[in-house]
Amino acid sequence: LSEAREGHVISSSGADVAETPSDLDARKQVLHAVRVLGARSRNDVATATGLGRAAVGQRLTELSAAGLIEDAGSGPSTGGRPPRRLRFRAEAGHILVADLGATSIDVAVADLSSGILAHRAEEADIAAGPHRVLERVESLFDELGREVPAGYGPLWGIGIGVPGPVDFNAGRPVSPPIMPGWDGHPIREQLSQRHGVPVWVDNDVNIRALGEWRRGIAMGHGNVVWIKVGTGIGAGLISNGVLHRGADGAAGDVGHVPVVDEGVVCRCGNIGCLEALAGGGALARDADMAARSGRSQWLADALERDGVLTAKSVALGASHGDAVCVELLQRSARLIGHMLATVVNLLNPSLVVIGGGVSHAGNLFLATIRETVYRRSLPLATRALQIELSGLGEDAGVIGAATMVADELLGAGLDLLPASVAAAG
Ligand SMILES: [Zn+2]
């Protein structure tokens, strides 16, 4: 499997016979069918890929020789000889991931199906710059590397999520507004030199969209909008089964759509951005004003007790029935709903997933977003639209980063959307 370390996992074990693109494509399709689509028998694989039985058999033999697929015994018989069951060997290798937030580092070691084997989370300041932050990531990687359970294969790849735009092909952040010192930093080169494996970097919202799509509530949907409402606001877009990164990695930067043309200056330098009015930072700021001006006794008490107000304070106040907190949350949700209505009209997703810290603010927040989107979008675009909270919870970032690595490494890519998935989406 040394080939895998160089990024061609599924290349043939035969040495000097030139591979045709169609051989490689067929192997990718067969692996994708078992790994992602859940094909469990040769018939399933043939149905999912459209390949003939002989071709499927040959590719399975190759993938099994590469240690990626194994025979998991007999399946239930449907009359006649019971079919052999196929299984993707998620333990063939392992992946190290780090999800860098504005104020946190999450690192994990995962198997090739994005199953988390060990996880650490701690506070950190992204503004401390790449050298200090990545040094900490490295020592956490060293710790986690020692916790890979027996029976797992070697390190195959590394995935990093960052809270800003990324040039995905180069593996570098591009002009990230809240990451001073990181612009153009060669994250990929730095980590791949030390570990000798391929490294992928993407923004934190894109990886969450990917993770939700492979392992969360977005499974089977081909058109998904994953919106993160935390301190900032951003969206990951899956369109016709492809993660849409845009020409420069800035797609989905919906936190900076203009909502009003006066008032608050956003951290991007513009005035009246959605994020500056509706994000977690905006909720904290408005709560602080309401506490100090005497408009909300509940918030004034919370400020005195906790020393600082956050979006969580507002959510807690709303759950206790404080009118100002309810109003702040509803205003934030309405502004986000208006933006989402535009996105829904533009992309016609079948699912909108809401994640990030503020998404836990309670039913009122989700209900107000839903009500606004359904009221403001075109009826055709909302006929089958679902709007749900993320199902991945605290692990969303590390699961997403592992998913990015597995998808890139195992070659299926996102351009391969078989008919069975397209139909479900
Ligand atoms: Zn802005």
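The values are calculated or read from the model by the stated rules, or taken from the named source; none is laboratory data. Values in this document were obtained by computation on a predicted structure and should not be read as measured data. Every residue, glycine as well, gets a Cβ built from its backbone with ideal geometry; the counts of neighbours run over all protein chains shown.
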Which numbered condition L316 fails, given (1) crowded, with 22+ Cβ neighbours inside 10 Å; (2) farther than 21 Å from W226 by Cα; (3) hydrophobic (A, V, I, L, M, F, W, C); (4) within 29 Å of the chain's Cα centre (by Cα): (1)
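For the structure I just gave you, tell me whether G255 is within 16 Å of the ligand (Cβ to nearest atom), within 28 Å of G171 (Cβ to Cβ) and part of a helix (DSSP H, G or I).
Here the answer is yes, as G255 does meet what is asked.
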Qualifying position, being more than 9 Å from the ligand (Cβ to nearest atom) and at pLDDT 95 or above, among I227, I233: I227
Test: residue in region 284-299 that is of a type outside the set (S, T, Y) and under 22 Å from A235 (Cβ atoms): yes
Meets criteria (among the small types (G, A, S), closer than 17 Å to K228 by Cβ and touching a Gly at 6+ places or on another chain (Cβ under 7 Å)) for G281: no
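Go through region 239-252 residue by residue and tally those that are surrounded by fewer than 21 Cβ atoms within 10 Å (Cβ to Cβ), more than 14 Å from the ligand (Cβ to nearest atom) and assigned to a loop (DSSP other than H, G, I, E, B).
7
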Any chance L144 is in contact with a His (Cβ under 9 Å, 6 or more places away or on another chain) and either β-branched (V, I, T) or touching a residue at least 40 places away in the same chain (Cβ under 8 Å) (or both): yes
Qualifying residue in region 336-348 (condition: in contact with a helix residue (DSSP H, G or I) (Cβ under 8 Å, 6 or more places away or on another chain), on the phi > 0 side of the Ramachandran plot and either away from the ligand (no atom under 16 Å from the Cβ) or assigned to a helix (DSSP H, G or I) (or both)): yes
Cross-chain or 6+ apart pairs with Cβ under 7 Å, region 163-189 first and within 16 Å of the ligand (Cβ to nearest atom), then among the acidic types (D, E) and in a helix (DSSP H, G or I): P163/D204
Meets criteria (surrounded by 16 or more Cβ atoms within 10 Å (Cβ to Cβ), within 20 Å of I336 (Cα to Cα) and in contact (Cβ under 8 Å) with a residue 60 or more places away in the chain) for G279: yes
Conditions (1) part of a helix (DSSP H, G or I); (2) closer than 14 Å to V229 by Cβ: number failed by A367: (2)
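Surrounded by 13 or more Cβ atoms within 10 Å (Cβ to Cβ), under 27 Å from the mean Cα position of the chain (by Cα), at pLDDT 90 or above and within 30 Å of G216 (Cβ to Cβ): is that true of V56 in this structure?
Spelling it out, it is not the case that V56 is surrounded by 13 or more Cβ atoms within 10 Å (Cβ to Cβ), under 27 Å from the mean Cα position of the chain (by Cα), at pLDDT 90 or above and within 30 Å of G216 (Cβ to Cβ).
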Pairs, first farther than 16 Å from Q330 by Cβ in region 366-380, second assigned to a helix (DSSP H, G or I), C-beta under 6 Å, six or more apart: S377/A341; S377/V344; S377/N345; L378/N345
Matching residues in region 323-347 - criterion: being surrounded by fewer than 22 Cβ atoms within 10 Å (Cβ to Cβ) and over 25 Å from the mean Cα position of the chain (by Cα): A323, V324, V326, E327, Q330, R331
Any pair with Cβ under 8 angstrom, 6 or more apart, that starts in region 243-271 at a residue that is closer than 29 Å to E212 by Cβ and small (G, A, S) and ends at one that is near the ligand (Cβ under 10 Å from one of its atoms) and not in a loop (DSSP other than H, G, I, E, B): G255/I233; G255/C273; G255/L274; G255/E275
Matching residues in region 17-66 - criterion: being touching a strand residue (DSSP E or B) at 6+ places or on another chain (Cβ under 9 Å), within 19 Å of G241 (Cβ to Cβ) and among the basic types (K, R): R35
Top-ranked residue in region 283-297 [being of a type in the set (A, V, I, L, M, F, W, C) and buried (at least 21 other Cβ atoms within 10 Å of the Cβ); ranked as farthest from L329 (Cα to Cα)]: A291
Selected residue [without any contact (Cβ under 8 Å) to a residue 12 or more places away in the chain, under 21 Å from V373 (Cβ atoms) and outside any loop (DSSP other than H, G, I, E, B)] from E304, E327: E327
Residues being closer than 22 Å to C273 by Cα and of a type outside the set (A, V, I, L, M) - total across region 311-332: 6
Filter pass, A218 being in contact (Cβ under 8 Å) with a residue 60 or more places away in the chain and in contact with a helix residue (DSSP H, G or I) (Cβ under 7 Å, 6 or more places away or on another chain): yes
Failed item, numbered, when V260 is tested on (1) within 23 Å of G357 (Cβ to Cβ); (2) within 14 Å of the ligand (Cβ to nearest atom): (1)
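Residue by residue, here is whether (1) in contact with a His (Cβ under 9 Å, 6 or more places away or on another chain); (2) near the ligand (Cβ under 10 Å from one of its atoms) holds:
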| residue | (1), (2) |
| --- | --- |
| V265 | no, yes |
| C268 | yes, yes |
| C273 | yes, yes |
| G281 | no, no |
| G294 | no, no |
| W298 | yes, no |
| D301 | no, no |
